[in-house]
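The values are calculated or read from the model by the stated rules, or taken from the named source; none is laboratory data. What you see is a predicted model, and the numbers here were worked out from it, not measured in a lab. Here the Cβ positions follow ideal geometry from the backbone for every residue, glycine too, while neighbour counts run over all protein chains shown.
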């Protein structure tokens, strides 16, 4: 541990420490001892659980914007490809909430305002797409003409 040390100054220092260790060529092993080595506590109610998830998400976003982001840090080291994907997933995962929020609220907004995000497809447009799809030659001028009307 003298090569890396515990990384402080982050909410998710355990991810940063593990990431730096893997970048320096260390290998991790999943160990299940017969007698529990560590005992921890888990959130006991929804409020505590949401607070914990928020803390993890903020820590992941913090890592995403830091110099230790696994997207661009640690190349040429001992980090394997699947390990890199795993660390990238952990820092990108909080950002997936943004499209999810849009996906969940957009139908309600459309129903309340009476405006829909999907344009109506005219008959000529539908027929041209069906006929030309096998040829992979869709006449876009017909498509855009129908959208204007």
(request) Determine the pairs where a residue that is more than 15 Å from residue 67 (Cα to Cα), located within the range 1-20, has a partner that is at pLDDT below 80 and surrounded by 16 or more Cβ atoms within 10 Å (Cβ to Cβ) with Cβ atoms under 9 Å apart, the partner being 6 or more residues away or on another chain. (result) 14/7
(request) Report whether or not residue 56 is in contact with a helix residue (DSSP H, G or I) (Cβ under 9 Å, 6 or more places away or on another chain), assigned to a loop (DSSP other than H, G, I, E, B), in contact (Cβ under 8 Å) with a residue 40 or more places away in the chain and assigned by TED's automatic domain parsing to the domain that holds residue 94. (result) no
(message) I'd like the full set of residues that are on the phi > 0 side of the Ramachandran plot and surrounded by 10 or more Cβ atoms within 10 Å (Cβ to Cβ), limited to the range 4-52.
(response) 5, 25
(request) Among residues belonging to the range 71-111 that are at negative phi and not in a helix (DSSP H, G or I), point out the one that is surrounded by the most Cβ atoms within 10 Å (Cβ to Cβ). (result) 79
(request) Determine whether the range 42-49 contains at least one residue that is part of a loop (DSSP other than H, G, I, E, B) and within 22 Å of residue 85 (Cα to Cα). (result) no
